[in-house]
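The block underneath contains the structure these notes are about, expressed in structure tokens.
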Amino acid sequence: MLDIGFFELLVVGVVLIIVMGPERLPEVAQKAAFLIRKARQGMFRLRSEMQSEIQGTPFADLEKAKQEMADLKNDLRQFGRELADSAENKTNEIAETASEIVSDEKNETPEMTGKPLEETPSKKSSNLNSDLNSGLKKGQD
């Protein structure tokens, strides 16, 4: 608390003997000890009252609330991870399904669909392109 060493105490003692004199020194020392004891008791009472006030107030519940917040934070992180994993799995499923559909359309031949050759999607698009081109030419005339 106070950084007073032996040498400092010796100097204070010598100064007290010179100032107070040897006959009044025991009386002054006794009063000083009494005042120091009273100050320590007052500090101890103050400290104990403050501790009891802190324990009796909502501050005691702060540690519990802090732990609950940490648990909630961990739960939210876990939920976020699970949600991201679920979204990634669904995205992968959709991509697989789309690639299966595309590969099925590529492997599909006119004989398999039962449609005449001119009605296949590639024939339809070429027919549409030729119809569009002829319509544009007519519009320019």
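Name the residue from 97, 84, 74 whose Cα lies farthest towards the positive end of the charge dipole of segment 68-107, charges +1 on Cβ of Lys and Arg and -1 on Cβ of Asp and Glu.
After comparing all options, I get 74.
Evaluate the charge dipole of segment 68-107 about its Cα centre and quote only its size in Debye, nearest 20, assuming +1 on the Cβ of each Lys and Arg and -1 on the Cβ of each Asp and Glu.
So the dipole magnitude of segment 68-107 works out to roughly 160 debye.
Calculate one ³J(HN,Hα) per residue across segment 88-105 by plugging θ = phi - 60° into the Karplus curve 6.51 cos²θ - 1.76 cosθ + 1.60, and present them in order as whole Hz with x for glycine and proline.
5, 4, 5, 4, 5, 4, 5, 5, 5, 4, 5, 5, 5, 5, 5, 5, 5, 5
Please report, in cubic angstrom per residue, the volume enclosed by the convex hull of the alpha-carbon atoms of segment 20-59.
Enclosed volume per residue, from the Cα hull, is 37 Å³.
Since every read-out is calculated from the coordinates, none of them should be taken as a lab result. Only a predicted model underlies this, so the values are computations on that prediction, with no experimental measurement involved. Ideal geometry is used to build each Cβ from the backbone, glycine not excepted, and the neighbour counts take in all protein chains shown.
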